[in-house]
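First the structure, in the form of structure tokens, and then the observations on it.
The values are calculated or read from the model by the stated rules, or taken from the named source; none is laboratory data. Given the structure is predicted, the values throughout are model-derived calculations rather than measurements. A quick note on method: Cβ atoms are made from the backbone with ideal geometry, for glycine too, and the neighbour counts reach across all protein chains shown. Side chains included, ligands, DNA and RNA excluded: accessible areas come from the protein's heavy atoms. Shrake-Rupley method; radii C 1.70, N 1.55, O 1.52, S 1.80 Å.
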Amino acid sequence: MTLTNSYATMAMLKAELNIGQADTSYDTKLEMALNAASRQIDRHCGRRFWQDPTTVQREYYADNAYDCFTDDISTTTGLVVKVDDAGDGSYATTLTITTNFILLPRNADHEVPDLPFTQIRLVDSGITAFPIWSSGRPGVRVTAKFGWPAIPDDVEKACL
């Protein structure tokens, strides 16, 4: 068994339990416990705190003409926001950060610890509104690394 997106490491758990690092007799059970605790934290909080290793594409319905709430976005690196202006699933219009939209909460990436962005807000620069179609198709496509920028200390401690 291996740790999968765990919020604490084996070394941290062994130190917490006063188990020598060289003692591997409980490693399988400890890995299971770390994985289980991490997924329980996800379920309890209704979000995950690990970051995607690469960008992932997701589609969203705009909440109104100017705001689109998203899953946690961990970084602006690799971020691409596209809009389906025609309502046909083509997502032909690519938006530019700070020119067409801003991310909220503002300054999330300057908090301690860094927080994720959870909302895209249009600014007055050519794109007048997010499409809200009666066709049932989502109007916004976001490519990003989702999750949190780093695992918060309290989440790490809860996992242990």
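Among the residues making up the stretch 66-81, none is among the aliphatic types (A, V, I, L, M) and surrounded by fewer than 14 Cβ atoms within 10 Å (Cβ to Cβ). Residue count for the stretch 21-51, restricted to those that are more than 30 Å from G89 (Cα to Cα), open to solvent by less than 90 Å² (accessible area, probe 1.4 Å), charged (D, E, K, R) and under 17 Å from the mean Cα position of the chain (by Cα): 2. None of I151, I120 is in a loop (DSSP other than H, G, I, E, B), at pLDDT 90 or above and open to solvent by less than 70 Å² (accessible area, probe 1.4 Å) except I151. Using the structure shown, decide if G136 is open to solvent by less than 70 Å² (accessible area, probe 1.4 Å), touching a Pro at 6+ places or on another chain (Cβ under 9 Å) and either more than 30 Å from M12 (Cβ to Cβ) or not in a loop (DSSP other than H, G, I, E, B) (or both). In short, no. Residues that are farther than 19 Å from I151 by Cα, open to solvent by 60 Å² or more (accessible area, probe 1.4 Å) and modelled with pLDDT of 95 or more are absent from the stretch 9-16 altogether. Filter the stretch 82-91 down to residues that are within 13 Å of F130 (Cα to Cα) and open to solvent by 40 Å² or more (accessible area, probe 1.4 Å) and give me whichever is modelled with the highest pLDDT. Only one residue tops the list, namely K82.
Against the numbered list (1) more than 19 Å from V56 (Cβ to Cβ); (2) surrounded by 16 or more Cβ atoms within 10 Å (Cβ to Cβ), I102 comes up short only at (2). A single member of E156, E111 is under 29 Å from I41 (Cβ atoms), exposed (fewer than 12 other Cβ atoms within 10 Å of the Cβ) and either out of contact with any Ser or Thr (no Cβ under 8 Å at 6 or more places or on another chain) or among the hydrophobic types (A, V, I, L, M, F, W, C) (or both), and it is E111. In the set (1) of a type in the set (S, T, Y); (2) in contact with a helix residue (DSSP H, G or I) (Cβ under 6 Å, 6 or more places away or on another chain); (3) over 15 Å from E156 (Cα atoms), T2 fails one condition alone, (2).
Taking the numbered list (1) touching a Gly at 6+ places or on another chain (Cβ under 6 Å); (2) at pLDDT below 95 in turn, T55 passes all entries but (2).
Give me a count of the residues in the stretch 139-148 that are part of a loop (DSSP other than H, G, I, E, B) and open to solvent by less than 40 Å² (accessible area, probe 1.4 Å). It would help to see each step written out before you state the result.
Within the stretch 139-148, the subset part of a loop (DSSP other than H, G, I, E, B) is 139, 145, 147-148.
With the extra rule that they be open to solvent by less than 40 Å² (accessible area, probe 1.4 Å), the set shrinks to 139, 147-148.
Number satisfying all stated conditions: 3.
Among the residues making up the stretch 52-65, those that are open to solvent by 30 Å² or more (accessible area, probe 1.4 Å), over 26 Å from H110 (Cβ atoms) and touching a strand residue (DSSP E or B) at 6+ places or on another chain (Cβ under 6 Å) are Q57, E59.
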